[in-house]
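Undergrad: Attaching a single structure in structure tokens format; questions to follow.
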Amino acid sequence: MYRSRARHNLSPVVPRIADEDLQTLWKLFVAIGDHWEMREDARTYRLRHEAFLGNRIAMNPLYQGYYHKGCEALRSLIEQHGEEEAYRLLLGEQSGQPPPPLDSGSLEILRKRLVEEFIAVRLALGGFREFGGINYRGYFGGALLPGAPAPYRTGEAARES
Amino acid sequence: MRVETVIIGSGVAAAALSQRLLELDPQASILMLEAGPRVKTQDFGLWENFLITRDTPYKPYLDLPFPAQDREGENANTGIASGEMMDARVMAYGGSTLHWGGWSFRMKPEDFRQASTSGVGTDWPFGYDVLEPYYGEAEHYLAVSGDSADRTVPRTRDYPFPAFPYTLQDRDFANAFDGLGITHGHLPIARRGVSAVPSRHAPCQTTGTCKYCPFGARFVAGDYLDDFRAWNDLPNFEIRLGAIVETIIASGSGRVDGVIYLDRDSGEEVTVQADRVVIAAGAVESAKLLLRSPAPGHPNGMGNQGDMVGRNLITHPFFRFKGKLLENPKKLQAEMDFPTLVSRHFDTEAEQAKGKFVLVPPAEAVKVDFLGQMRAGKSRSTIEAALTGPAELQLHGMIEIFGRPGNRIENLIGRNRIGLHQTQVSLSPDGDHLARMDEIRAIAASVYVAMGAELLGPPSISWRIDHAASTCRMSDDPAQGVVNSDLQVHGLDNLYVCSNAVMPSIGAVNPTVTLGALALRLGDRLANGSDRASQGLTEQVPV
């Protein structure tokens, strides 16, 4: 049956994420920008980030569990190592062994379902600008407007054939 | 049930044809039958999922790969070339426009007289000038952004939107082309722009996720059909999904009476009677349906008296040349998801006998993967060093091949996961194909050298049949073709084919705009009664 908005049959109409988890997820998102020295103010992305979380749950109801489990794992990692070291262990090159107190299962959820997805979103929202481009595949660069600069880096005027 | 027109398929041809017929007569009775399901388009959640996973929502409606030792697969390949069907088409509402790149070229005048000019291939039954006005209409219908000052191909009407400027990445290719005397221009692309003409459709927001555009700025036939129905009162226009047409019903005496389709949901066979049937089901399914539909005087399938149905399969082998850029100080990277530059320098009459080709630096000509490096935990300094250091370079292109009777499409026993009959593809290259690719390789090498880069090895060549064509080719001679210049099947007054299948040749460029032009022309001719059947000029095909 045609629906106005795509949603998995088992996903709740209103996704529920506990406030504590919401805060943990947001801090992870900010930490990603900090780890790669992204200068733009992450606060401008907070609503988009929450909408993203809701959309992931709408696509796949398992994400409610992924987010909760992932947050529990992250909080335990922070409790053991302190915030700075925990993010360094999580976001840096992986050794192949889960850092204590994590097991491989909780680390996988944390890395695959939270970290890697949040990296993709952070880049697309504007983090890409750190690497020289003014547009990026996933960023809403805007339309090509008559008389306005193109929303991407262009060459000088081409000598067209 | 009886209707005036049954249209089989829901891709660009079906959409353009139905819209033209209904614009001329909103009361027209049209039933559109699509075998596949609906895929939700312009959904933000699905778009985010695509951003994260690169999985498109229409992935379940692609062909599976050919069977192999450890996988069941679908379809079969009996030729030397791969003839791969996986990713070549989408079997869902909107057809292959769900996934197409939007490259919107016109064929050149010499492409319509391929045999007369070069001695190879076959001629169209009419020239470029006959189709030219419809090319203009198709470019407007598909919302193409292009350079109206570019007269590489003659035109009497401007593009609806201006061309996208070359990317910074493409500028280096353009400079190399200039240094080598290789002509080039803007690649015309079906991405809606902004103009003084108001439109309800959204313009391209350069989001760079074109395979699933969140705004619908890239033409998708299903979107346009939905909008057309929503914005107009069309009481006799119906679209049915999950309707797999099994056979065309012959009524005898050189006419058809309708179709029988399998309703995928109920499993029942449904008969629809029609005054006219138009097969707009792509080059593969159009041919297969005719082969499954015998009639008096057509024992081997409708239109197949000359054993032409399914034969002369052509497509565009797609090649990729990898190179190595020694350094990347300008931090070149993909900022768009479609190319802005094309060279049609080798798409000329002089190149026709050997097979014309075009060169296109892809959107990701310089391969940089920030996402992968960050996910791998690389530091900021490592990523920056990789960005400005040596980088992989790519140059793509497509080459023309010629119709041969042994290259063909046939029905295969068994159904695919959509419910369509499976397909047997036989596709083999001509003997001189490798020699031609060697010539192209030398050109690619010179381009890379001019860019301060080096070519890395031979090209990868895909024989995937995205641009499958000519399987029901046009000819006014029933012994040489399946349909006449009105796209009417030889020997059957009220049966038409409107898909890439009818094109005797496709030159070196994507066939979609040409198909749109053919569909709009057919719509005019059917609505105005200027096609031969309406004029009573029926064909007498020898039994």
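The values are calculated or read from the model by the stated rules, or taken from the named source; none is laboratory data. Predicted, not measured: the structure shown is a model, and the values here were computed from it. Note that we place each Cβ from the backbone using ideal geometry, even for glycine, and neighbour counts take in every protein chain shown. We work out accessible area using only protein heavy atoms, side chains counted, and drop any ligands, DNA or RNA first. Shrake-Rupley method; radii C 1.70, N 1.55, O 1.52, S 1.80 Å.
Undergrad: Please report the buried accessible area for the interface of A with B, total over both chains, probe 1.4 Å, in Å² to the nearest 100.
TA: Chains A and B together bury roughly 4800 Å² of accessible area.
Undergrad: Provide the FRET efficiency to the nearest 0.05 for the B:SER381-B:LYS40 pair, computing r from the beta carbons and using R0 = 30 Å.
TA: 0.10
Undergrad: Let me ask another. In whole percent, and with a 1.4 Å probe on the protein chains, what portion of the accessible area of the protein assembly as shown is carbon and sulfur?
TA: Using a 1.4 Å probe with all protein chains present, the protein assembly as shown comes out at 50 percent carbon and sulfur.
Undergrad: Among B:252-262, B:63-73, B:88-98, A:99-109, how do they line up by average Cβ neighbours within 10 Å per residue, starting with the highest?
TA: Ranked by mean Cβ neighbours within 10 Å, highest first: B:88-98, B:252-262, A:99-109, B:63-73.
Undergrad: Which whole number gives the average count of other chain Cβ atoms within 10 Å of the Cβ atoms across peptide B:37-44?
TA: Going residue by residue through B:37-44 and averaging, the value is 3.
Undergrad: Further, regarding this structure: Pop out the ³J(HN,Hα) list for region B:288-305 in order, Karplus 6.51 cos²θ - 1.76 cosθ + 1.60 with θ = phi - 60°, rounded to Hz; leave Gly and Pro as x.
TA: In residue order, the calculated couplings are 4, 5, 4, 5, 8, 10, x, 7, x, x, 9, x, 9, x, 4, x, 9, 4 Hz.
Undergrad: Where both residues lie in chain B, what percent of DSSP beta bridges are antiparallel, nearest 5?
TA: Roughly 70 percent of the DSSP beta bridges within chain B come out antiparallel.
Undergrad: Of A:LEU102, A:VAL30, A:ALA86, which is farthest towards the positive pole of region A:19-135's charge dipole, taken about the Cα centre with +1 and -1 on the beta-carbons of Lys, Arg and Asp, Glu respectively?
TA: Working it through, the farthest residue towards the positive pole turns out to be A:VAL30.
Undergrad: A further question on this structure: Using only Cα atoms, find the angle between the long axis of helix A:46-59 and the longest principal axis of chain A, and express it within 0 to 90 degrees, rounded to the nearest 10.
TA: 70
Undergrad: Order the following by accessible area, largest value first: B:ILE461, B:ILE409. Probe radius 1.4 Å; ligands, DNA and RNA are ignored.
TA: Ranking B:ILE461, B:ILE409 by accessible area, largest first, yields B:ILE461, B:ILE409.
Undergrad: Here is a follow-up. Please report the antiparallel percentage of DSSP beta bridges with both residues in the protein assembly as shown, rounded to the nearest 5.
TA: 70
Undergrad: For chain B, what does the helix formula give at 222 nm: sum of -39500 (n - 2.57) over DSSP H segments with n ≥ 4, over the residue count, nearest 500 deg cm²/dmol?
TA: After summing the helix terms and dividing by residue count, I get -7000 deg cm²/dmol.
Undergrad: As a test question: what accessible area, to the nearest 10 Å², does B:VAL270 have when a 1.4 Å probe is rolled over all protein chains in place?
TA: 40
Undergrad: 7 Å from Cα along Cα→Cβ at both B:THR348 and B:ASN528: what's the point-to-point distance in nm?
TA: About 3.6 nm, to one decimal.
Undergrad: Looking only at other chains, what is the average number of their beta-carbon atoms within 10 angstrom of each beta-carbon in B:366-376?
TA: 5
Undergrad: Further, regarding this structure: Which whole-number value in Å² is the accessible area per residue of the protein assembly as shown, probe 1.4 Å?
TA: Averaged over the residues of the protein assembly as shown, the accessible area is 38 Å².
Undergrad: Of B:PRO339, B:VAL6, B:MET107, whose Cα points farthest to the positive end of the dipole of chain B (charges on the beta-carbon: +1 Lys, Arg; -1 Asp, Glu; origin at the Cα centre)?
TA: So the residue furthest toward the plus end is B:PRO339.
Undergrad: Using the Cα centre of the protein assembly as shown as origin and beta-carbon charges of +1 (Lys, Arg) and -1 (Asp, Glu), tell me which of B:LEU495, B:ALA243, B:ALA365 is placed farthest towards the positive end of the dipole.
TA: Sorting the options by dipole projection puts first B:ALA365.
Undergrad: Sequence gap at least 6, Cα distance under 8 Å: using those rules, report the relative contact order of region A:19-135 to the nearest whole percent.
TA: 35
Undergrad: Starting from the residue with the highest accessible area, list B:LYS40, B:LYS331 in decreasing order, probe 1.4 Å.
TA: Per-residue accessible area, sorted high to low, gives B:LYS331, B:LYS40.
Undergrad: For peptide B:160-171, how many partner chain Cβ atoms fall within 10 Å of a residue's Cβ, on average?
TA: Other-chain Cβ atoms within 10 Å of each residue's Cβ, averaged: 5.
Undergrad: Dividing the Cα convex hull volume of chain B by residue count, how many Å³ per residue is that?
TA: 155
Undergrad: Using only the heavy atoms of the protein chains and a 1.4 Å probe, how would B:TYR141, B:TYR135 rank by accessible area, largest first?
TA: B:TYR141, B:TYR135
Undergrad: Report relative contact order for region B:145-277 in percent, whole number only (criteria: Cα-Cα under 8 Å, sequence separation at least 6).
TA: Contact order relative to length: 13 percent.
Undergrad: Report the Rg/Rh value for the protein assembly as shown, based on alpha-carbon coordinates and the Kirkwood definition of Rh.
TA: 0.99
Undergrad: For B:GLU351, what accessible area in Å² do you get when you roll a 1.4 Å probe over the heavy atoms of the protein chains, rounding to the nearest 10?
TA: 40
Undergrad: If you line up the long axis of helix B:168-180 against the longest principal axis of chain B, both from Cα atoms, how many degrees apart are they, to the nearest 10?
TA: It is inclined by approximately 90 degrees.
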